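The values are calculated or read from the model by the stated rules, or taken from the named source; none is laboratory data. The structure displayed is predicted, hence computed values, not measured ones. Cβ placement follows ideal geometry from the backbone for every residue including glycine, while neighbour counts extend to all protein chains displayed.
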Amino acid sequence: MRRRSAWLYAAALCAYAFLYVPLAIVVLYSFNDSRLNAEWVGFTLAWYKTLFADDQMITAAGNSLLIGIVASFVSTVLGTLAGVAMHRYRLRVLPILIVAPIAIPEILTGVSLLIFFVMLNFTLGLGSVALAHIAFCIGFVAIVVRARLAGMDETLTEAARDCGATPSQAFRRVTLPLIMPGVVAGALMAFTLSIDDFVITFFTAGAGTVTLPLQIYSMIKISVTPEVNAVSTLLMLLTLLLIVVAAKISPTLLRTAREP
Amino acid sequence: MALLDIQRVTRRFGDFTAIDDVSLAIEAGEFFTLLGPSGCGKTTLLRMIAGFDLPDAGRILLNGKDLADTPPERRPVRTVFQSYALFPHMTVEGNVAFPLEMARVPASERKARIEGALEDVRLQGFNKRYPHELSGGQRQRVAIARALVTHPAMLLLDEPLAALDAKLREDLSIELINLQKEVGIAFVYVTHDQSEALALSHRIAVMNRGRVEQLDEPSKIYGFPRTAFVADFIGHCNLFGGPVANRANDVVTVDVADLGPVRVGVAAGIANAAKGTVAIRPEKIRIAASAPEGTPDNHFRGTVEDLLYMGDVTVYRVSTPGGAKVEALLANSQSGRAKFFEVGDAVEMSWPVGAGHFIPE
Ligand SMILES: Nc1ncnc2c1ncn2[C@@H]1O[C@H](COP(=O)(O)OP(=O)(O)OP(=O)(O)O)[C@@H](O)[C@H]1O
Ligand SMILES: [Mg+2]
């Protein structure tokens, strides 16, 4: 028994190390006083200064934030409605239609959206990226919201009606406040997914538009400078923060939604 | 005109008929109880009155107006749910204020109304508490206050005491009776607990498999059950069925296969029946080593097979030579006494013709 748990412990340790050591190295070398990610020279914040002086980087970050906010807001509204509909009408196809985009490989989503936009003569840019992000975020929000609804006592809605509330009043005053943790968690989730997304963004951004992940990619094509480490560290920090907040608000979140 | 008129209402779920051609009328200010075993359709009927469900056939009229097209929020009836269904994100005050807000009662008037309703259920001072900070009994009171605050025409209570312990249930029952008297609102009360129904109600509708078996005052339901089901469901009852062997004046003799001829008094007007059941409550049966001289109209010998000590009384199950099982009950009036007879004792049971009740088939 003891022996076995020791093995398990060691295996888990290895797995976590495999996941987190590379990340730790990225973070560490963002503070390294050298152009090379090779040996530790000394502590510096210079790369963060370079980062904040880099206009291209700032523009990319601004685009990412803008898309993230718009995409998470719109997908939260639509995803909440979809979650409510899935819960209320219990149709079999609805959950599949909404959740399928989560399971479909991102590259397929990216390519098909690109073809779609081109077919419609839709100019590729911030707008098309935002639309694409909205499309793949809705499913995540819907799942989280539906999980929250499933845990809600159905008689509460009836009680609201019984107390004289119309269906829409009952939704606003009783259902919505009770599923709010799910909605907020879904929104944070959507924001994180949008900020981090590379593949779908790559296909739908067109020529001139750059987001943070795209910018990082184009920089490492040349060479991995510690500036990339610095921006990655910040991005990681933001993502981590949002996940922690989301998990705090909705403890079931990490169990009901796929890891990004 | 009755306050609520249920006319030939039927509700089916697939092949299953949950409510089968039920008609009943509930008067203003009445404490009306729907009593029946689990699954007999009580909640289904209540939900149709509240408007959460619609009849497949028949009509429900309130003050003479058909409710078919009135959604729940526009029906002047309020439900007290078995699970209380308090809004967990609102305080006690918020919960009670909710129906007032929905009814657009001006804010200036609300405060007094809320206080009044909380006073009715004796919960003053709990305004700022959240539902999870209350005990089961207190939550129940908030649910009732929330239902009463807009002065509806009728309150629907679905097993409101089922989740509470026995002592609290008794206390709250008494409070409910007083409250109902005080506010004068008609209560439609659902329960499967016959003693609760007998204690609380002005009238009881005993339901079985989606039908109303009997609708009467509690004493009539208990004393003169119209069907064998009612007799058995309302308190324990010995039921002896068989063909009618003889009818003389007001006494009928029923030939009970495993017991023998049982004589029972019948009301004068009752039609001649070829078959029937004699219902007799265990407490009406006298049990002794031998029946007293010359008296009773019915007496049967038997052997004590089981006994069940219940504190104030002991229930004896006696089997007769023919194989009939008869329940008789004796009060343990003397303190410390647990029983008069032992298992295996030979006893004689007796009762007068007036003790039984004849249910014609
Ligand atoms: N929505 C539904 N779909 C299918 N069957 C239903 C539905 N609602 C109720 N029933 C059935 O109708 C019957 C009556 O149900 P109802 O809830 O009215 O019983 P009840 O008398 O309230 O019982 P209890 O005392 O257990 O609450 C049950 O057999 C139940 O299974
Ligand atoms: Mg029920």
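Every residue, every condition in (1) more than 16 Å from ligand 2 (Cβ to nearest atom); (2) small (G, A, S), yes or no:
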{"site": "B:C40", "(1), (2)": "no, no"}
{"site": "B:D69", "(1), (2)": "yes, no"}
{"site": "B:T79", "(1), (2)": "no, no"}
{"site": "B:G94", "(1), (2)": "yes, yes"}
{"site": "B:F98", "(1), (2)": "yes, no"}
{"site": "B:R104", "(1), (2)": "yes, no"}
{"site": "B:S108", "(1), (2)": "yes, yes"}
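Residues in region B:136-163 that are more than 19 Å from B:R78 (Cα to Cα) and either buried (at least 23 other Cβ atoms within 10 Å of the Cβ) or within 16 Å of ligand 2 (Cβ to nearest atom) (or both): B:A163 alone. Of the helices (runs of 4 or more DSSP H) lying entirely inside region A:39-154, those containing at least 3 residues that are over 23 Å from the mean Cα position of the chain (by Cα) are A:46-53, A:55-89, A:106-119. Please note which strands (runs of 3 or more DSSP E) are completely contained in region B:274-333 and include at least 2 residues that are within 28 Å of the chain's Cα centre (by Cα). Counting at least 2 such residues, we get B:275-280, B:298-309, B:313-319, B:325-331.
In region B:154-165 there is at least one residue matching the filter, namely being outside any loop (DSSP other than H, G, I, E, B), within 14 Å of chain A (Cβ to nearest Cβ) and either touching a Pro at 6+ places or on another chain (Cβ under 9 Å) or free of Cβ contacts under 8 Å to residues at least 60 places away in the same chain (or both). In region B:186-203, the qualifying residues are those that are more than 14 Å from every other protein chain (Cβ to nearest Cβ) and within 14 Å of ligand 1 (Cβ to nearest atom), and the one that is surrounded by the most Cβ atoms within 10 Å (Cβ to Cβ) is B:Y189. Residues of region B:58-86 that are farther than 19 Å from B:L100 by Cα, in a strand (DSSP E or B) and of a type outside the set (G, A, S): B:R59, B:I60, B:L61, B:L62, B:K65, B:D66.
The requirement of being assigned by TED's automatic domain parsing to the domain that holds B:Q140, without any contact (Cβ under 8 Å) to a residue 12 or more places away in the chain, surrounded by fewer than 23 Cβ atoms within 10 Å (Cβ to Cβ) and under 23 Å from B:L176 (Cβ atoms) is fulfilled somewhere in region B:40-61, by at least one residue. Does B:V206 fit the bill of being within 14 Å of chain A (Cβ to nearest Cβ), part of a strand (DSSP E or B) and within 16 Å of ligand 1 (Cβ to nearest atom)? Here the answer is no, as B:V206 does not meet what is asked. When B:V212, B:V262 are checked against the criterion of being in contact (Cβ under 8 Å) with a residue 60 or more places away in the chain and more than 16 Å from the chain's Cα centre (by Cα), a single residue qualifies: B:V262.
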